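Participant: Sharing a structure with you now.
Read-outs: derived from the displayed coordinates by stated rules, not from any lab. Please read all numbers here as calculations on a predicted model, not as lab measurements. Every residue, glycine as well, gets a Cβ built from its backbone with ideal geometry; the counts of neighbours run over all protein chains shown.
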Amino acid sequence: MLPYEVTEKYEALVTALEEASYGANCGFVEKVNPLQTCFRTQAGGRVFFNCILHLKEWKWKGVSGKQHGVNILIQAQEVIRQRDQALLSSTVSVNYFDVSAENTQLLQAFHFDYNPCQRDHALFHMQVTNTCITLSGNEAEALKVEFTIPQNTNPKCLRSARVPTCDMTLASVLLCLAADHIGGSFFTEFLERVRELQVKMPQPLIGKLRRSLAAAPAHLHSSHWFMHLKP
């Protein structure tokens, strides 16, 4: 298992989001308690992290004060090397739901991937999807998901289209959600906390990307994000 000083950073990250959301009257952050139960030891000296968060009845848009009502499910799945706490892969799925008395509508679904072993994939990328995160009955109860996740979702979409991104592992995804929905001074405080925690969390293996950026620092062309595929 990973040492406590590593797993505690994940707990601290979600706690910081809870505090920012509460302070800004943005909504609720529901999670499995404690977060340490989301880590599982695998063969080959690896640890699998699988965590689902429910941002319940969040504001539609941060400081605008628009009414609450959007529900967001986030599932983070990461593989961490136990020996040096390197982040080997990460998938963070995000679902937005509009919940009414009549029905529940999936507004948007996408996931962010990091996996340096995937052929022809940008090192970090995002894919739009129409697939909802799957919850068991116990998970739905623990996360206070009080709506039925739709089975028939949005029309077909081209799931194979990949958009290169920056590092959008869990901390970055939560930061962007806070920017969209919390905003203001509470977001600024959360940003500072993420900066502290992110450098102490498992880091992706991006040696070739770093060298490519160092060699051509004047541009951020997407070709940088495929340098890990070079022999």
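Participant: Please state which one of Ala178, Ala76 is in contact with a helix residue (DSSP H, G or I) (Cβ under 8 Å, 6 or more places away or on another chain), over 30 Å from Ser223 (Cβ atoms) and of a type outside the set (S, T, N, Q).
Facilitator: Of Ala178, Ala76, the one residue that is in contact with a helix residue (DSSP H, G or I) (Cβ under 8 Å, 6 or more places away or on another chain), over 30 Å from Ser223 (Cβ atoms) and of a type outside the set (S, T, N, Q) is Ala178.
Participant: Across segment 151-207, what is the number of residues that are under 25 Å from Thr7 (Cβ atoms) and among the polar types (S, T, N, Q)?
Facilitator: Adding up the residues that qualify gives 4.
Participant: Look at Ser172 and say whether it is without any contact (Cβ under 8 Å) to a residue 24 or more places away in the chain, of a type in the set (Ser, Thr, Tyr) and either under 30 Å from Tyr22 (Cα atoms) or in a helix (DSSP H, G or I) (or both).
Facilitator: Criteria not met by Ser172.
Participant: Here's a follow-up. Give the number of residues within segment 175-216 that are assigned to a helix (DSSP H, G or I), within 22 Å of Met227 (Cα to Cα) and of a type outside the set (A, V, I, L, M).
Facilitator: The number of residues fulfilling the criteria is 5.
Participant: Determine, yes or no, whether Arg159 is in contact with a helix residue (DSSP H, G or I) (Cβ under 8 Å, 6 or more places away or on another chain), in contact (Cβ under 8 Å) with a residue 24 or more places away in the chain, surrounded by fewer than 18 Cβ atoms within 10 Å (Cβ to Cβ) and in a loop (DSSP other than H, G, I, E, B).
Facilitator: No: the conditions fail for Arg159.
Participant: Looking at Asn130, is it polar (S, T, N, Q) and closer than 24 Å to Trp225 by Cα?
Facilitator: no
Participant: Enumerate the strands (runs of 3 or more DSSP E) found wholly within segment 16-105, keeping only those where 3 or more residues are closer than 30 Å to Pro116 by Cα.
Facilitator: In segment 16-105, 39-42, 46-59, 68-81, 86-99 are the strands (runs of 3 or more DSSP E) which contain 3 or more residues that are closer than 30 Å to Pro116 by Cα.
Results for (1) of a type in the set (Ser, Thr, Tyr); (2) in contact with a strand residue (DSSP E or B) (Cβ under 6 Å, 6 or more places away or on another chain); (3) surrounded by fewer than 21 Cβ atoms within 10 Å (Cβ to Cβ); (4) touching a residue at least 12 places away in the same chain (Cβ under 8 Å), shown as yes or no for each residue.
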residue	(1), (2), (3), (4)
Ala20	no, no, no, yes
Gly62	no, no, yes, yes
Gln82	no, yes, yes, yes
Gln85	no, no, yes, yes
